[in-house]
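See below for the structure under consideration.
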Amino acid sequence: MLYVVFTQLENSKIVKFEKIPFAQAVKLSQELEMEMREKKQEIDGEFYLLEEENNGEAIYSGTFKFGSYFAPNLFIHIKKKLPAIKTSKEKEKKRLALMAELEELVEEDLKKEEDLDSEIFSKLDKTKVSHLKRWQRRTIYGLGALSALTSIGILAFFFIQISAFNNEYQALSAEKEKQTAVIDKYQNALLGEEEPLNEYLSAKELSNLKSNEKRIYAGYLADEKKFSELVDLYGGDPKLAATFLSNNKSVDILKEFDEDYPTNEAKFDIAYADEEFKKVLSIQNVEMTTQRSEKKTYAFLKTGNVEEAKAELENNNSDELSEKIAQYEQLNQAIADINKEMDEAKDDKKDDLEEEKEELQTEIDQI
């Protein structure tokens, strides 16, 4: 379970030094970011991300500047910042795994990047704009008293400012044209013309692919059965590739991938999909995500290991599984009561009790 703790933030919306589940922290950060933008204010919020399974140690820390337009929420902030940190190849695998886990926890509408217009305005050099305004004020107040030489200096300053602003504008225009071309590729892909988008993504350096681009390109490679390139996309780690396939593609594709790149993670997910719950529990050394923890919880329940299911539930806190466990215990207790009643019942009542017991057992099997 991932939590966020803010250690420096002067705002009542988010409580300092409180462990907040990551998904909830993302929502709160977006609400506060929008509030600060509306107020045209900025406040710093130092935070760290901790993993409960890792003895509560921080696995990432940073500062979210609310109202800065850098990111709409905490998830986008981390997604932008994390790739910029130089690290070893071994730690890169952990970083990719962390991003994959964060994406699983966040709702789809909170994963969206800023719209193009907002991005363009946020990239404008505010110092240049403010300088130009000060020049305008000074020019209005001073023109009448300035000498010819001073006027030449002002004109030179004017043209320098205008030139700098034009350069900035042209750069932003070029960037917008480039982004528009990319958007066209995505729109055409949605209409069935996928090749231009795939060519665009394949031509980019893998390290430069954004999270959503990587997911789209990975889907293309999976559909084309280009498993070697898919593994390269995930830093040469078949486990991460298998996790992507398990979460986004059919079990048939995952099985084909596992033939070429066998991993315990793929075997775990395949066994679960095939409802081989005893096999699920027998597979060791599996890198656990929230989804795999939920699968393991359910596998314990389906094999009658209720206490183990409860213990594993603490790693994913699934409300749905919590309800299933409670329902299982109630039905199991009802069967136990019937068994006790059958021991004391007369023969003519045992058939009715047996039928009732079978109905309860059917309900258990359908959980």
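Worth a mention:
- Report note on the peptides 244-251, 73-80, 106-113: ranked by the mean count of other C-beta atoms within 10 Å, highest first, their order is 73-80, 244-251, 106-113.
- Accessible carbon and sulfur surface of region 275-360 relative to its total accessible area, %, 1.4 Å: 39
- Remark: for residue pairs LYS80/LYS324; LYS19/LYS111; LYS81/LYS239; LYS39/LYS80; LYS278/LYS324; LYS112/LYS302, the C-alpha separation exceeds 29 Å in LYS80/LYS324; LYS112/LYS302.
- Rounded, prolate or oblate (a/c below 1.5 giving rounded, otherwise prolate when a/b exceeds b/c) for region 318-366 by Cα gyration tensor: prolate
- Amide H contacts under 5 Å for ILE59, placed H, 5+ residues apart: LEU49, LEU50, GLU51
- Computed with a 1.4 Å probe on the full set of protein chains, the accessible area for ARG215 sits at about 80 Å².
- Extension gain (nm, one decimal) between GLU108 and LYS255, 0.36 nm per residue minus Cα-Cα: 50.2 nm
The values are calculated or read from the model by the stated rules, or taken from the named source; none is laboratory data. What you see is a predicted model; the values in this text were computed from it and never measured. All Cβ positions, glycine included, derive from the backbone under ideal geometry; neighbour counts span all protein chains shown. Areas reflect the complete protein model, heavy atoms only, side chains present, ligands, DNA and RNA absent. Shrake-Rupley method; radii C 1.70, N 1.55, O 1.52, S 1.80 Å.
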